[in-house]
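For reference, the structure discussed in these notes is given below.
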Amino acid sequence: MISRVFERVVFIELPGEERPVPAGLFTLDVVLGVGTFQYGRRYAERPQAIAIDPVNLPLTDREYVTRKNDGIFGILRDVLPDSWGRYVMAKHIGVPFGTHKDYEFIDLISSNAVGAISFGMTPEKSTTPSEKSVSLADLADVAKVIDQAVEDQELPPEVLALLRQGTSLGGAQPKCTVMIDTEEWIAKFESSKTAVKYPGIEYATMTLAKRAGIRVPEIRLESVAGRAVYLIKRFDRAHGRRLPFMSTFALSNLDIDELERGSYPEIATQMRKFVSHVSDDHHELFRRMAFNMLVRNEDDHLRNHGFIYKEGWRLSPAYDIVPMPSRRKAKNEFHLALNIGNQGSAANMTNLLSQCARFSLSQGQALEIVGQVKEATRDWEAELLSAGVSKNDREAVRWSFEWHGGA
C-alpha cells in the first residue's frame, strides 16, 4: 500500500561544511496536496545557517504550509527536472512519460541539480546521489545518444546511463553537465525536433547581453561532431561546492497555474526584503527586462531568473536568453512571459518605462539604460554570423531584433 505521507529531510551545503547539513523536514500529504516545512533546531543554531528561501521560508521555528504546486514549496520545486529531464528519467526507469508525480522526482535527482539542496530519508546524511560530469571529449557520444532519445529509440542501459547525466537540470532542450579544467559547465545541444538550431543563436545573444552591460557567466561555443554546442559555466558552483540558488518562481510563491501573474516590478519589490545590494540589482533587472524586450525573448519566465547566495543574496548572472523566431508582422506587437508595467506584459517602450521607479530608477536613468541596450544589439546580425548561425536561422529571428526599428 502506498503511503499517504511523503517525508524527506532537506539538506543544504554551507560554507565551512564538508558535506550537506540537514536544514529541516519536508512532509507532503500526497492525497490532499498539502506540504509542510520546518527548520530543525540544531540547524537554526548554526552560526552560518541561512534560510533556504529568505522570503517565503524565513529562518524561524514555525511550521510552514503550502497548498500550491501540489504541496511542493517553490524552492524545492526548483531542483526538480523539467520536460527534457523527465522524459529521459522515464526512459531510464521504464515507465511512460508523464506518469510520475512531481514529488516522486525528489528521489530521482542527483547532485547536478541547480543550487545546493539535496534530500535524505534521515538527518544522518543526504541520499541524493553524486553524478560525475562528462568531459569535452565525451560530448560527441552524448550528442549521438540525445539524437536517438529524441527520436524515441530504444536505448541500452549503458547508453541511458550516459544520457541520464543531464536529467537533473531544468529546461526543455537537451543538455548535460561537462567538466572543463576542474570547473562545471552546462552543454546545450541542437534538437532534431526544432526547425531552428539554437546553440549559435543563444551564444550570440548572450554575447550581445554582455555587451549591453548585463552580467553573464563565461560562455563558449564548440563544434562537436560537426554541430554547434553552446556551453555556459555554472554560476551555482564554486571550487567544487554547490551554492544556494532560488528562482524567481520560488520567490513569487505562485502556483504553476498562476504564471501569468509573474511580474518584473513585483520581483523588484520582493528584492527589497532580502537582496544585499538592492539598487545595483534593481538596475540590473531593469536592464535585463529591456534587453529581453528588444531581442524578443518571450521565454523570460519565472524559472529563467534567479538569485545566488554568496555572502548574501544577489541577482544571479543571466541565463537562457534566446530571441523567439517570428515572421515580420504588420503591427509590432508581442508580449513577454512576465508583466513589465502598467500595460501588463505588452512589449512597448511606454510600458517598459511605466514603473521604472520600482527599479530604483528615474525615467532619465531608465532611458539611458534602454539606449545602451539598443546600441549593444544594433550589430546583432554580425554577431550571429560570427557564431556560425545559418542564413535561414538568421532570417528566422530577424524581426525579433529589428521590430523596434532602432528608434
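Go through the stretch 371-399 and count every residue that is in a helix (DSSP H, G or I) and either under 15 Å from Met206 (Cβ atoms) or touching a Gly at 6+ places or on another chain (Cβ under 8 Å) (or both). The number of residues fulfilling the criteria is 11. Residues that are at pLDDT below 90 and either among the β-branched types (Val, Ile, Thr) or under 17 Å from Leu28 (Cβ atoms) (or both) within the stretch 106-123 comprise Leu108, Ile109, listed in sequence order. Condition test on Leu361, is it hydrophobic (A, V, I, L, M, F, W, C), more than 30 Å from Arg237 (Cβ to Cβ) and assigned to a helix (DSSP H, G or I)? Against the criterion (hydrophobic (A, V, I, L, M, F, W, C), more than 30 Å from Arg237 (Cβ to Cβ) and assigned to a helix (DSSP H, G or I)), Leu361 does not qualify. Looking across the stretch 184-219 at every residue that is over 24 Å from Ala290 (Cα atoms), touching a helix residue (DSSP H, G or I) at 6+ places or on another chain (Cβ under 8 Å) and free of Cβ contacts under 8 Å to residues at least 60 places away in the same chain, the one that is surrounded by the fewest Cβ atoms within 10 Å (Cβ to Cβ) is identified as Lys193. In the stretch 262-318, the qualifying residues are those that are buried (at least 20 other Cβ atoms within 10 Å of the Cβ) and of a type in the set (Ser, Thr, Tyr), and the one that is nearest to Glu368 (Cα to Cα) is Tyr264. A single entry from Met271, Met289 fulfils the requirement of being over 28 Å from Trp399 (Cβ atoms) and modelled with pLDDT of 95 or more: Met271.
Rundown of residues vs (1) at pLDDT below 95; (2) closer than 30 Å to Ala195 by Cα; (3) not aromatic (Phe, Trp, Tyr), yes/no style:
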position	(1), (2), (3)
Arg328	yes, yes, yes
Leu353	no, no, yes
Ala366	no, no, yes
Gln372	no, no, yes
Glu375	no, yes, yes
Asp379	no, yes, yes
Val389	no, yes, yes
Asn392	no, yes, yes
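When Phe37, Phe73, Phe6 are screened for being surrounded by 13 or more Cβ atoms within 10 Å (Cβ to Cβ), over 18 Å from Pro123 (Cβ atoms) and of a type in the set (Phe, Trp, Tyr), only Phe73 passes.
Quick grid of which residues meet (1) touching a strand residue (DSSP E or B) at 6+ places or on another chain (Cβ under 9 Å); (2) surrounded by 15 or more Cβ atoms within 10 Å (Cβ to Cβ); (3) assigned by TED's automatic domain parsing to the domain that holds Tyr43:
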{"residue": "Thr66", "(1), (2), (3)": "yes, yes, yes"}
{"residue": "His92", "(1), (2), (3)": "no, yes, yes"}
{"residue": "Pro96", "(1), (2), (3)": "no, no, yes"}
{"residue": "Asp102", "(1), (2), (3)": "no, yes, yes"}
{"residue": "Ile109", "(1), (2), (3)": "yes, yes, yes"}
{"residue": "Glu131", "(1), (2), (3)": "yes, yes, no"}
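Just checking, how many residues over the stretch 158-185 are in a loop (DSSP other than H, G, I, E, B), at negative phi and at pLDDT 70 or above? Qualifying residue count for the region: 2.
Matching residues to (1) in the same structural domain as Glu18 (by TED's automatic domain parsing); (2) touching an Asp or Glu at 6+ places or on another chain (Cβ under 7 Å); (3) part of a loop (DSSP other than H, G, I, E, B):
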{"position": "Ala187", "(1), (2), (3)": "no, no, no"}
{"position": "Ser192", "(1), (2), (3)": "no, yes, yes"}
{"position": "Ala195", "(1), (2), (3)": "no, no, yes"}
{"position": "Thr207", "(1), (2), (3)": "no, yes, no"}
{"position": "Pro217", "(1), (2), (3)": "no, no, yes"}
{"position": "Ser223", "(1), (2), (3)": "no, no, no"}
{"position": "Asp257", "(1), (2), (3)": "no, no, no"}
{"position": "Glu266", "(1), (2), (3)": "no, no, no"}
{"position": "Met289", "(1), (2), (3)": "no, no, no"}
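The residues listed here are Ile75, Ile50; of these, the one that is β-branched (Val, Ile, Thr), part of a helix (DSSP H, G or I) and within 25 Å of Gly306 (Cα to Cα) is Ile75.
When Arg358, Arg327 are screened for being farther than 16 Å from Ile214 by Cβ, out of contact with any Lys or Arg (no Cβ under 8 Å at 6 or more places or on another chain), touching a residue at least 24 places away in the same chain (Cβ under 8 Å) and surrounded by 20 or more Cβ atoms within 10 Å (Cβ to Cβ), only Arg358 passes.
Per the conditions (1) closer than 28 Å to Asp393 by Cβ; (2) touching a Ser or Thr at 6+ places or on another chain (Cβ under 6 Å); (3) of a type in the set (Val, Ile, Thr), the sole criterion not satisfied by Ile308 is (1).
The values are calculated or read from the model by the stated rules, or taken from the named source; none is laboratory data. These figures come from a predicted structure and were not determined experimentally. Cβ coordinates were reconstructed from backbone atoms using ideal geometry, including for glycine residues, and neighbour counts include every protein chain displayed.
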